[in-house]
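As structure tokens, the structure follows; a few thoughts come after it.
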Amino acid sequence: MRDHRLPTSPGLWRSPLRSPWFTSVLGIVLLVGITVLFTTGLVSYAAYNPGLSPVNDKTPDKGLLGFYLFAWPTDPPWLYRLTQGVHVTLGIALIPVLLAKLWSVLPRLFTLPPVRSLAHALERVSLLLLVGGALFEFTTGVLNVQLDYLFPGSFYPLHFYGAWVFFAAFVTHAVLRVPAALRNLRHLRDEESELVSPNAAPSTVSRRGALAFVGGGFLLLLATTAGRSFDGPLRATVLLAPHGGPEPGSGPGGFQINKTAASRGISMTETSDEAWRLVIEAQGRTVRLSRAELLQLPLYSAALPIACVEGWSTSDQWWRGVRLRDLAALVGYETGAAPDVLVESLQRHGSFRRAALRDNQVRDPRSLLALFVNGEPLTADHGYPARIIVPAAPGVLNTKWVARMTFGEL
Ligand SMILES: Nc1nc2c(c(=O)[nH]1)N[C@H]1C(S)=C(S)[C@@H](COP(=O)(O)O)O[C@H]1N2
Ligand SMILES: [Mo]
């Protein structure tokens, strides 16, 4: 008799819940869910404008993997709020489904002999990449959201390359298994499968009951995460995920703050109206403006959200300031011909102290160098004296404490 205490022995795995049907239901849910995660993830990378300037690109060595990059639009203004909210919220909510799926096939990971043929060896390698890739992507994603940029800079390449490895293994696995999974959903004849325990323990819950339990976990995580995409009372429902910074407080500036002025080393002296000047450069010209001079320019309002890569977002805030295309006009670009711009902040260190915006973003009449929000001057933490706000763009492109803008020739 084989030793029943080793994981390689089918006899050790006694749960009566394991069955092709149970695994297949979870597998089909993940097929849809992970495809959405992969797509919204690729889209998120494109939204950073990585092709525009090395400043925006966290994975400069991506080569062919950047084949799909496109110019991120400015409409609808809530675009990144939606795509990234879905990416992070769905990613968190799918964790119980992923864990249940892995649990349901656990005995298979230990089958002996480990390699039976070349085809079997290849299949096992793809499973290793699949399971390892899934755990890696979910773990890096959750850590980045929870621990507030645990791996500054390096998170992006890790999560990006990991996603391609994982998705390649995922597609291979899906091609091999989906036909059988669909058959399993229709037939309940499980009994011959190696997933079914040869000496099952008496059941304490039905397979449907176990599935309902996993579904409940999904809904619980969804309900306690989705509030990060809204303001007001809904945000108080976010029990398990931080929203990326200290509590925002109340008043006109009372919406989510990612990085405070103090944490970025921004001093009151350098942002004071006496000291601060905005430097605009292009085509050999330099214009320097104080905040008082900026206030003399035509000011416009736009209702736009902040949407962070961490998945949280605010509802629309009322920003007021100078149009980016009007600033381009000051250094000689006619309306409609405004080029790309490199925006640099007062901040000296850290990944998001500068960002490049594409010409379509500069030309949009709602794109502002904001001086006010919700009727009051910007607070220090929201970027006083001036910050960028662009419709549909990810939070990282909305540079705070702006000091210099260089138009053209990125
Ligand atoms: N200078 C500077 N600007 C910055 C950042 C930063 O770290 N430094 N963080 C960015 C990120 S990641 C986001 S999500 C938004 C958040 O803006 P808020 O704090 O006003 O909500 O600011 C962006 N602008
Ligand atoms: Mo962000």
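Since every read-out is calculated from the coordinates, none of them should be taken as a lab result. Here the structure is a predicted model, which means the values were calculated and not measured. Methodologically, a virtual Cβ is constructed for each residue, glycine included, from the backbone with ideal geometry; neighbour enumeration extends over all protein chains shown.
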Checklist entry - Number of Lys-Lys pairs in the chain under 30 Å by Cα, sequence gap 8 or more or different chains? => result 5
Checklist outcome for this item: Per principal axis, largest first, the Cα atoms of the chain extend in Å by 87, 44, 35
Next on the checklist: Give me the extension gain from L185 to R14: residue separation times 0.36 nm, minus the current Cα-Cα distance, reported in nm with one decimal.
Outcome noted: 59.3 nm
Item to check | Calculated FRET value between E409 and L109, using beta carbons and R₀ = 51 Å, to 0.05 | outcome: 0.40
Checklist outcome for this item: Correct semi-axes for the range 303-395, from √(5λ) of the alpha-carbon gyration tensor and rounded to whole Å with the largest first, are 21, 15, 14
Item to check | Restricting the range 279-372 to GluC sites (Glu not before Pro) in coil, as DSSP defines it, with at most 14 other Cβ within 10 Å | outcome: E334
Checklist entry - What is the projected area of the convex hull of the Cα atoms of the range 110-151, averaged over all directions, in nm²? => result 3.6 nm²
Item to check | Cβ-derived FRET efficiency at R0 41 Å, S263 paired with F213, nearest 0.05 | outcome: 0.50
Item to check | Whole-number D in µm² s⁻¹ for the range 196-346, Kirkwood Cα-pair radius fed into Stokes-Einstein, 37 °C, 0.692 mPa s | outcome: 162 µm²/s
Next on the checklist: Please report the projected area of the range 259-321's Cα convex hull averaged over all directions, in nm².
Outcome noted: 6.5 nm²
Next on the checklist: Can you compute the FRET efficiency between W164 and L6 using 1/(1 + (r/R0)^6), with r the Cβ-Cβ distance and R0 = 41 Å? Round to the nearest 0.05.
Outcome noted: 0.70
Item to check | Farthest toward positive dipole pole in the chain [+1 Lys/Arg, -1 Asp/Glu at C-beta], among P16, L410, F170 | outcome: P16
Checklist entry - Convex hull over the Cα atoms of the range 38-194, averaged projected area in nm²? => result 12.2 nm²
